[in-house]
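Written out below as structure tokens is the structure these notes cover.
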């Protein structure tokens, strides 16, 4: 167990190091002078030279990467070249918005996908099942940028049900979270459906019915728990990779989260912030993997004992 | 009053002209506390019959096309879903073939037993009762075993747990559908012995479904032999084993391996069980029957009581060729 954890830890560290390396070198390959970006087009050669010296821009890339790692090891993500704000601080102040948006979206899509997945499996090939299949396919094929914009326009602007800015509470996040959840809900309803169909044919479901279990208990306790085993893995990966969707939704709805920070940093060509947001999302993916592994052992006892 | 009385049961799969009749006019009677074995090859309709007693066949595709299933005097085929939930477990409990697959892999066995108790005897849903039941089915160290997951137990232990779950609601009838098929021979004998003990101890009736005539003698009071969706012979066990009347029963008996037989090849029944929907006309066994006559393919023989409590579906049961 200890060696497994240790191996896991090393693998995670190597992954993050790899991400840092790739991002750093890719950023370096971007054409243009960072100093010009920082100081502006009209800056004098002296200023540019000072900036080069200050940020070690003339050092060999290996040396600069080493410097960056050393700084990381001290828990310092550096400062923005543009605003001079500490990158860690920028991420932390924006984290609550992004976390709330993501959590709300995950809860929404799971809460909708589970009952639809279970009931379409129970009544498969019924008119209900087919309608849900059509709807699910629709949510999967509609371009999300269009859908998010439409929701914003109709529900926020035209009908005025949701605020278009100045988000203060959880409730204000409902519309952006719904726009994010729709990207996943159809896929998850079908995923749960497929797993449920398989599980419903299994002998232990028949045995639970033979013991006098009610349909609700048989479906949502005996069958669903087993059908969720493969779903949890995919859910873990999707939650980890959610930042891609968040990035987009936050920009459409002008939410002050990590997604907008990441996009701004790219437009500003602000390497420390780009590095910081990329490393942050990589850490999320690695962390989500850990959580999925732990959850897996809990949801499927056969894995814990390694059989 | 018999505990279970199946009258002229017809079960079909699908509807309309394409419907396939898997069970065709089966009648069975089981008195309280007795054991009835239903014997037949795969595809004979014996499991379908067994599952229909608590209406466990998925419907659709299964259709209960006719007949009655009287369980303690009430027709199961007319029960509401709520009544069905009461009798499932409460009156009739099931033990299935693959215990490993019939136990839910993600719940501890103690909790699975407790759940059956909660559904039918809520006041008894305690650890103490779970331990008592595990002891009853012969599981050593029940206090620690109740925290095991199914995959942590051997096949024989899993089947004992299944039996404990089946016994938890104190049913009047235990339906065991091929309970030993997935187990090796020594464990098979232990499970049959356990079922036999429990029947005497608890006074419940057992309906045992098996394809193995070899285990019938150890436990049954009566035997019904099924072939292609019909009963071909019923008799008290001793008489059936000593003097089988139907050619199919005789062929089945010949194919049971015997320890002290002097070498030789094991007898088999030529051909295969006809596929559902492709049952031959006339007597359904005639293509495989060594004694078939030309008219066997023409007229379907009825099930006739030829001696007291001995029913046979063969008009030539008494012919000299069969006795030889």
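The values are calculated or read from the model by the stated rules, or taken from the named source; none is laboratory data. Since the structure is predicted, the reported quantities are computational estimates derived from the model, not experimental observations. Because the Cβ atoms are built from the backbone with ideal geometry, glycine has one as well, and the counts that use them run over all protein chains shown.
Just checking, how many residues over segment B:2-18 are in contact with a strand residue (DSSP E or B) (Cβ under 9 Å, 6 or more places away or on another chain) and surrounded by fewer than 16 Cβ atoms within 10 Å (Cβ to Cβ)?
Residues meeting the conditions: 4.
Which of the residues belonging to segment B:49-70 are buried (at least 22 other Cβ atoms within 10 Å of the Cβ) and more than 13 Å from chain A (Cβ to nearest Cβ)?
Across segment B:49-70, the qualifying residues are B:49, B:69.
Quick one: is residue B:162 within 14 Å of chain A (Cβ to nearest Cβ), modelled with pLDDT of 90 or more and either at negative phi or not in a loop (DSSP other than H, G, I, E, B) (or both)?
Considered against the rule, which asks whether it is within 14 Å of chain A (Cβ to nearest Cβ), modelled with pLDDT of 90 or more and either at negative phi or not in a loop (DSSP other than H, G, I, E, B) (or both), residue B:162 comes out as yes.
Quick check: is even one residue across segment A:179-197 within 14 Å of another protein chain (Cβ to nearest Cβ) and either within 23 Å of residue B:115 (Cβ to Cβ) or touching a residue at least 60 places away in the same chain (Cβ under 8 Å) (or both)?
Yes: segment A:179-197 contains one or more residues that are within 14 Å of another protein chain (Cβ to nearest Cβ) and either within 23 Å of residue B:115 (Cβ to Cβ) or touching a residue at least 60 places away in the same chain (Cβ under 8 Å) (or both).
Return the total of residues in segment B:176-212 being part of a loop (DSSP other than H, G, I, E, B), over 14 Å from residue B:159 (Cα atoms) and within 12 Å of the chain's Cα centre (by Cα).
Total meeting the criteria: 2.
For residue A:124, only one of the following conditions fails: (1) in a helix (DSSP H, G or I); (2) more than 28 Å from the chain's Cα centre (by Cα); (3) over 21 Å from residue A:265 (Cβ atoms). What is its number?
That leaves (1) as the condition not met.
Out of segment B:71-87, which residues are in contact with a helix residue (DSSP H, G or I) (Cβ under 9 Å, 6 or more places away or on another chain), under 16 Å from residue B:58 (Cα atoms) and within 14 Å of chain A (Cβ to nearest Cβ)?
B:76, B:79, B:81, B:84, B:85
When you look at residue A:294, is it touching a helix residue (DSSP H, G or I) at 6+ places or on another chain (Cβ under 6 Å), at pLDDT below 90, away from chain B (no Cβ under 14 Å) and outside any loop (DSSP other than H, G, I, E, B), yes or no? Full working, then the answer.
Details: touching a helix residue (DSSP H, G or I) at 6+ places or on another chain (Cβ under 6 Å): no; at pLDDT below 90: yes; away from chain B (no Cβ under 14 Å): yes; outside any loop (DSSP other than H, G, I, E, B): yes.
The answer is no for residue A:294.
Filter segment B:88-98 for residues that are touching a helix residue (DSSP H, G or I) at 6+ places or on another chain (Cβ under 7 Å) and surrounded by 23 or more Cβ atoms within 10 Å (Cβ to Cβ); which is farthest from the other protein chains (Cβ to nearest Cβ)?
That would be B:95.
Filter segment B:213-231 down to residues that are part of a strand (DSSP E or B) and closer than 16 Å to residue B:42 by Cβ, then give me how many there are.
Adding up the residues that qualify gives 4.
May I ask you to say which residue of B:128, B:124, B:101 is at pLDDT below 95 and within 14 Å of chain A (Cβ to nearest Cβ)?
Just a single option satisfies the conditions, and that option is B:101.
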